[in-house]
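Heads up: the structure comes next, in structure tokens.
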Amino acid sequence: MVDRLHAAGLEVVLDVVFNHTAEGGAGGPTLCHRGLHNAAYYRLDPQDPSRYVDTTGTGNSLNTGHPVALGMIMDSLRYWVSQMGVDGFRFDLAPTLGRQQGDFDPFAAFFDLVVQDPVVSRVKLIAEPWDVGRIDSYALGRFPPLWSEWNGRFRDTVRDFWRSRDGLLGDFATRLCAFADVYGGRQAGRRPSASVNFITVHDGFTLTDLVSYNSKHNEANLEGNRDGTDDNRSWNCGVEGPTTDFGVLTMRARQKRAFLATLVLSAGVPLLLGGDEFGRTQRGNNNNNAYCQDNEISWFDWSTVDRELLRFTSDLIALRRRHPVLRRRRFLAGRAGSDLRWLTSSGAAMTEQNWTDPLARSVAVLIDGSVDPDCGADGTPLVDDHFLVLINGWGEPLAFAMPAEVSTRCWQIVCDTFDPARIGTAARRIEVGPRSLVVCASQADGRSLPGKASH
């Protein structure tokens, strides 16, 4: 299977769970590790060795401070790379792997072994940067330089911004730039690829459910709707669940496009939940393990594919792939007159007062693809086009003025999340629909781009 996927141009990243086993807590079944060497494989409570330390929510945590457990993990990782040919790993509840002495330590033995291993160190390493039950359970930004991290803060900020929460404009803008405040300054050696951005994943709502439900609906799990998180930061656009109301359905479609455009066009690595590109729903079920419902809730219904949403998503991905400035391997500097500038809707430079205004919900970003570009494999500078991204988080349309310093250039609208059919030459004033963003592009020599760049 791995070979077939490689032949199709796809890499394979394996989701691995080395933080706990199915043997559960001290009263769980003895299946393997507990019977072989309990203290070597599991973290025991130093005050009462008959009990386990649990930072996974499953009753046990693997003892990554012991050579036996570490050997088992590293042997498995090497096997999957050297024998099965996978291209990387996503580590479930990864902070638990760094709890050699209890607290999370980015210099713990497991991380040292990985960085020194000639096989494992050369593949992609992605951390789910949280576990449970400790003050330091959320370790975003604390993993070593080789690692990338699932970015839950990106998810939370973007969800809140597009449902019009106050005081988020500055944080939203920073998240679009791959968390330079987290990965660019505090830890040398990390790049935008350290941030794996997502809006939805297998844990929680699908994208369609995110814009269709204010509350979880896990009744089918037969746990009294107690399971699954209540912190979904979702908005149903006026009606809870399925509806035939055209206005509500139109709003939901626009919200989905705004989320997708934010995800795909942000710096860092976009992570798209399978099915979100064509409107898959789990009927409001946000259980962390919805696959336990072996029925229509978790199945992919290929007969209900939203072709327009699929086309919009495909065009967004194609836009990103065509333009290296939208997927830079280094952080944009953001200095005045440099590669990135933040502007108000009037075209003026953003001020500190603009950024800190709790009611501010609009901003424009001008990206110069010719300044300090990345280089290709052969050393050739990847000089790219200019981009102007207009973001309107208000519930009403907002007109943006073309910045004076680039107003003589030929600009083309290449993406409009409010009206995907709106493709063509941009005027000096561009109206952006409510809760929407518009992307304009201009060739490096000032000419407009040929053809359509987005549906």
- C-alpha long axis of helix 246-265 to longest principal axis of the chain, angle in °: 80
- Note on the structure: For segment 333-442, averaging the sequence separation of alpha carbon pairs under 8 Å that lie six or more residues apart and dividing by its residue count, the contact order in percent is 25
- Note on the structure: Assertion target for GLU149, GLU431, ordered by fewest C-beta neighbours within 10 angstrom first, is GLU431, GLU149
- Neighbour-limited loop hits for GluC sites (Glu not before Pro), segment 235-336 (at most 15 other Cβ within 10 Å; DSSP other than H, G, I, E, B): GLU240, GLU296
- Message: Using the basic label-point model (7 angstrom from Cα toward the beta carbon), what is the ASP48 to ASP166 distance in nanometres?
- Response: 4.7
- Taking 212-219, 90-97, 26-33, 195-202 and ranking on average Cβ neighbours within 10 Å, highest first, one gets 90-97, 195-202, 212-219, 26-33
- Query: Using the Karplus equation 6.51 cos²θ - 1.76 cosθ + 1.60 (θ = phi - 60°), what ³J(HN,Hα) coupling, rounded to whole Hz, does each residue of segment 394-404 give in order, writing x for Gly and Pro?
  - Reply: 6, x, 10, x, 9, 8, 10, 8, 5, x, 4
- Item | Whole-Hz couplings from phi, Karplus 6.51/-1.76/1.60, listed for segment 72-87; x for Gly and Pro | 4, 5, 5, 4, 5, 4, 4, 4, 5, 7, 6, 9, 9, x, 5, 9
- In the chain, with Lys and Arg counted as +1 and Asp and Glu as -1 at Cβ, which of these residues, GLY376, PRO67, LEU168, has the Cα nearest the positive end of the dipole, that is, farthest along it? GLY376
- Under-5 Å amide H pairs with PHE418, H placed in peptide plane, nonlocal only: GLY433, LEU437
- Message: On alpha carbon coordinates alone, what is the Rg over Rh value for segment 174-306, Rh being the Kirkwood radius?
- Response: 1.02
- Query: Okay, helix-only estimate at 222 nm for the chain: each DSSP H run of n ≥ 4 adds -39500 (n - 2.57), divide by all residues, round to 500 deg cm²/dmol; what do you get?
  - Reply: -6500 deg cm²/dmol
- Query: Taking θ as phi - 60°, what are the ³J(HN,Hα) couplings along segment 146-157 by the Karplus curve (6.51, -1.76, 1.60), each to the nearest whole Hz, with x for Gly and Pro?
  - Reply: 5, 9, 9, 9, 4, 9, x, 5, 4, 3, 5, 5
- Task: Report, by chain and number, residues whose modeled amide H sits under 5 Å from the one on SER362, excluding near sequence neighbours (fewer than 5 apart, same chain).
- Result: GLY393
- Query: Of the peptides 417-424, 376-383, how do they stack up when ordered by the mean number of other Cβ atoms within 10 Å, highest first?
  - Reply: 417-424, 376-383
- Please identify the chymotrypsin sites (Phe, Trp or Tyr not before Pro) of segment 228-307 that satisfy two criteria: DSSP loop assignment and at most 16 other Cβ atoms within 10 Å. Which are they? TRP299, PHE300
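Since every read-out is calculated from the coordinates, none of them should be taken as a lab result. The shown structure was predicted, so the numbers you read here are calculated from the model rather than taken from an experiment. We place every Cβ from the backbone using ideal geometry, glycine too, and count neighbours over all the protein chains shown.
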